[in-house]
């Protein structure tokens with residue numbers, strides 16, 4: 001468990017560690033101000049590779065075994081990191097980030113499934129909460145980690161250190177993870193049992209055609225809606241990040257093709273009938289809503305700090321940490337609580353806490369105190385953390401032992417999709433809403449004749465205050481909508497398993 005959590009933690013660091021060193025990377029890759037938007041691909045590439053690789057690696061791990069797939073994932077992560085150290089061209093660097101992310105993304109479902117497989121079902125939520133906490137902690141500490149390492153030498157050091165880390169993790173994982181195949185490897189195949197002569201694209205133990213269609217669908221929606229790397233600045237933005245409709249059309253066609261193909265495949269990438277199981281479908285729906293609500297806070301809280309409170313970037317990041325730091329803490333607590341009182345009760349409790357925290361944030365005045373901000377953001381982060389264990393345990397239990405890694409990958413992808421869709425939709429709405437509120441605000445540029453200094457200053461102060469109040473209204477409505485979204489997640493939570501498995505320990509934190 002320690003080694004698996006270490007691998008997940010290192011992979012999660014690379015999601016966010018580039019945020020604080022982007023100016024240095026842009027200078028090294030010769031990205032000028034005229035091509036500033038191109039720098040967003042450095043972040044988008046990791047998000048894209050992280051999401052697209054998960055379903056295929058999840059199924060491969062269930063069929064081929066978790067140990068060889070963990071080795072492959074770590075090797076890809078190390079290769080991508082090494083390429084990031086030596087490449088100086090933006091396009092090649094972005095490609096290296098995709099390779100790096102493919103390996104890092106694969107580690108998450110493998111660690112979740114391996115952890116769930118090592119412990120009895122009655123302690124499954126706690127294990128998944130610990131793995132989820134490691135992933136969340138990596139995302140929280142990534143910016144600080146990147147800034148600290150780059151200060152020692154260069155931004156390339158943040159990628160270089162991954163090489164020795166992977167060289168240590170690969171042999172240790174090989175030694176500690178179970179050899180052999182998972183439950184999916186049987187002597188009698190479904191194809192043989194059916195007695196049918198299959199076409200060549202329906203043969204084999206892994207559905208690569210379905211994996212390709214799923215990857216294309218996920219890539220299309222990510223490219224079409226964006227990943228939130230471009231943010232909205234109140235008072236200066238006039239249009240939201242444009243939606244790329246051709247990519248969305250490609251995504252829709254690929255998704256329809258995926259569903260039709262999977263219905264007739266004897267060994268599909270994911271069994272569509274799983275979604276007829278209430279706990280499985282509910283966990284994925286709930287995680288979509290979690291992603292949509294969480295990304296709003298992660299993007300809008302720093303903007304809140306910059307535009308309304310006049311904070312620096314570092315101060316805005318420290319404000320956000322009050323939310324994100326509680327997520328890994330809540331993940332461990334929620335995992336233990338879910339094994340003790342049940343998945344359903346813990347998830348409902350967590351969703352209500354997160355919604356309550358966001359509701360408090362939506363009611364912030366223009367000058368909230370440090371105590372109020374800390375309290376409300378920590379409440380929200382705790383709520384988001386509490387639901388990680390119950391969601392993961394519900395989907396793994398519903399999918400069954402043969403589909404542990406695949407189910408883990410799918411539920412993680414659900415959260416990613418929720419983040420993309422939620423941020424794109426609400427950022428577009430936010431810009432339109434701000435423009436409607438600011439329509440009557442006249443910001444004076446040229447001083448009218450006949451005005452005294454005091455009157456001129458009063459006019460500018462009034463316009464600035466009106467603009468600030470309009471932005472404050474929009475931010476408050478952002479968090480109100482996010483509170484409603486996460487509150488709606490209570491509905492699917494009622495379809496989670498009510499209680500823990502019967503063979504669990506009576507006290508989950510004590511050994512059997």
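With respect to being farther than 19 Å from residue 477 by Cα, touching a helix residue (DSSP H, G or I) at 6+ places or on another chain (Cβ under 6 Å) and surrounded by fewer than 17 Cβ atoms within 10 Å (Cβ to Cβ), residue 248 fits the description.
Taking the numbered list (1) within 16 Å of residue 285 (Cβ to Cβ); (2) buried (at least 24 other Cβ atoms within 10 Å of the Cβ) in turn, residue 385 passes all entries but (1). Go through the residues of region 302-319 one by one and say whether even a single one is modelled with pLDDT of 90 or more and surrounded by fewer than 22 Cβ atoms within 10 Å (Cβ to Cβ). Looking for residues that are modelled with pLDDT of 90 or more and surrounded by fewer than 22 Cβ atoms within 10 Å (Cβ to Cβ), one finds none in region 302-319, hence no.
Just checking, which of 331, 355 is modelled with pLDDT under 95, under 20 Å from residue 494 (Cα atoms) and in a helix (DSSP H, G or I)?
It is 331.
Per the listing 367, 376, the residue uniquely closer than 21 Å to residue 487 by Cβ, surrounded by fewer than 24 Cβ atoms within 10 Å (Cβ to Cβ) and more than 17 Å from the chain's Cα centre (by Cα) is 376. When the test is whether a residue is part of a helix (DSSP H, G or I), over 30 Å from residue 251 (Cα atoms), at pLDDT 85 or above and more than 20 Å from the chain's Cα centre (by Cα), residue 21 does not pass it.
Does residue 402 meet the test of being under 17 Å from the mean Cα position of the chain (by Cα) and surrounded by fewer than 24 Cβ atoms within 10 Å (Cβ to Cβ)? First the steps, then the outcome.
Details: under 17 Å from the mean Cα position of the chain (by Cα): no; surrounded by fewer than 24 Cβ atoms within 10 Å (Cβ to Cβ): yes.
No, not satisfied.
Against the conditions (1) within 22 Å of the chain's Cα centre (by Cα); (2) surrounded by fewer than 23 Cβ atoms within 10 Å (Cβ to Cβ), where does residue 327 fall short? Just the number, please. Only one criterion in (1) within 22 Å of the chain's Cα centre (by Cα); (2) surrounded by fewer than 23 Cβ atoms within 10 Å (Cβ to Cβ) is unmet by residue 327, namely (2). Screening 125, 73 for residues that are assigned to a helix (DSSP H, G or I), modelled with pLDDT of 90 or more, within 20 Å of the chain's Cα centre (by Cα) and closer than 30 Å to residue 343 by Cβ leaves exactly one candidate, 73. On the stretch given as region 263-283, residues that are more than 26 Å from the chain's Cα centre (by Cα) and either crowded, with 20+ Cβ neighbours inside 10 Å or in contact (Cβ under 8 Å) with a residue 40 or more places away in the chain (or both) total 4. What do you reckon, is residue 204 modelled with pLDDT under 85, out of contact with any strand residue (DSSP E or B) (no Cβ under 9 Å at 6 or more places or on another chain), under 21 Å from residue 64 (Cα atoms) and not in a loop (DSSP other than H, G, I, E, B)? Taking the combined requirement at face value, the residue does not satisfy it. The condition (being touching a helix residue (DSSP H, G or I) at 6+ places or on another chain (Cβ under 6 Å) and farther than 18 Å from residue 493 by Cα) is satisfied by just one residue among 377, 318: 377.
The values are calculated or read from the model by the stated rules, or taken from the named source; none is laboratory data. This one's a predicted model, so the numbers in the text were calculated from it and none came from an experiment. Positions of Cβ are backbone-derived with ideal geometry, glycine not excepted, and every protein chain shown enters the neighbour counts.
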